[in-house]
Amino acid sequence: MNLPNKLTIARLLATPLFVVLLTVSFTGNYTAALIIFVLAMITDFFDGALARTRGQITDAGKLLDPLADKILITSAFIIFVGLEEVRLPAWLVIIIVSREFAITGLRLVAAGKGKIIPAGRWGKHKTLTQVITVSAILVYLCLYYDSRIEMAEYRPLVLTLVAITAAFTIISGGYYLFRNTRFLADLTEDSPRPGKESPPPVEKSR
């Protein structure tokens, strides 16, 4: 396994620790979660840069790299719904998570048919807005909880960032579907239709 893929796997393995830090309350847990998240996003930058400069871009990396981001980021958004200090609207998070499941499923089906769907421009913009939003919420939690600073005016900013993230999520999802309409059409044509199954071959009499 090359170094870029090792960094991607490390980001996947960091997700359980990140989740524990967000769900178990102790002094400095949100600060530790913020550090883990920032380090994970730094590895996200370096694994892509290393893969390109070293010529180590692999099909596994193309699939695992965005998958690692999705698992980490969607875990954060799901937890933020239940945190009293944040209370993100569930419907916004459902939009974000549903898009990730849909596009990941499309990528897996495409990979099974020998087609790799890499991250596109809109997907990268979407990921950037998600990273900024999660980081902003973690900073908010650090200031609100760890430092005991009153941040009542910060919540509208958090909700605005989440709304922007949801918008980019919808746009990027539509972009992926539009960009792969031919592949989706081929999938539909390949699928057997009810009542249209071919009859069994008639055995010729000898």
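The values are calculated or read from the model by the stated rules, or taken from the named source; none is laboratory data. Keep in mind it's a predicted model, so treat the numbers as computed, not measured. Cβ sites come from the backbone with ideal geometry, for glycine too, and all protein chains shown count toward neighbours.
Those residues that are among the basic types (Lys, Arg) and in contact (Cβ under 8 Å) with a residue 60 or more places away in the chain, I need them from the range 6-62; list them, please.
Quick first cut of the range 6-62, residues among the basic types (Lys, Arg) only: 6, 11, 52, 54, 62.
Result: 11, single match.
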Matching residues in the range 48-68 - criterion: being at pLDDT 75 or above and under 8 Å from residue 8 (Cβ atoms): 64, 65, 68
Lone qualifier among 100, 84 - being of a type in the set (Asp, Glu) and not in a helix (DSSP H, G or I): 84
Evaluation of residue 37 against (1) assigned to a helix (DSSP H, G or I); (2) among the hydrophobic types (A, V, I, L, M, F, W, C); (3) more than 22 Å from residue 107 (Cα to Cα); (4) over 15 Å from the mean Cα position of the chain (by Cα) (one fails), failing number: (4)
Any pair with Cβ under 9 angstrom, 6 or more apart, that starts in the range 153-169 at a residue that is of a type in the set (A, V, I, L, M, F, W, C) and at pLDDT below 85 and ends at one that is surrounded by 13 or more Cβ atoms within 10 Å (Cβ to Cβ) and part of a helix (DSSP H, G or I): 157/136; 157/140; 158/80; 158/133; 158/136; 158/137; 158/140; 159/92
Single match in 63, 72 (criterion: surrounded by fewer than 20 Cβ atoms within 10 Å (Cβ to Cβ), touching a Lys or Arg at 6+ places or on another chain (Cβ under 7 Å) and of a type in the set (A, V, I, L, M)): 63
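Applying the selection to the range 1-34, what residues are part of a helix (DSSP H, G or I), among the β-branched types (Val, Ile, Thr) and surrounded by fewer than 14 Cβ atoms within 10 Å (Cβ to Cβ)? Write out each step before concluding.
Taking the range 1-34 first, the residues part of a helix (DSSP H, G or I) are 3-23, 29-34.
From what is left, the residues that are among the β-branched types (Val, Ile, Thr) are 8-9, 15, 19-20, 23, 31.
Passing the criteria: 20, 23.
Between 40, 32, which is in contact with a Leu (Cβ under 8 Å, 6 or more places away or on another chain) and over 14 Å from residue 65 (Cβ atoms)? Steps first, please.
Values: 40 fails: over 14 Å from residue 65 (Cβ atoms).
Matching residue, one of 40, 32: 32.
Scan the range 179-186 and tell me whether some residue there is under 25 Å from residue 72 (Cβ atoms) and either touching a helix residue (DSSP H, G or I) at 6+ places or on another chain (Cβ under 6 Å) or at pLDDT 70 or above (or both).
First, pick out the residues of the range 179-186 that are under 25 Å from residue 72 (Cβ atoms): 179-180.
Then drop every residue that is not either touching a helix residue (DSSP H, G or I) at 6+ places or on another chain (Cβ under 6 Å) or at pLDDT 70 or above (or both), which leaves 179-180.
Yes, the range 179-186 has at least one match.
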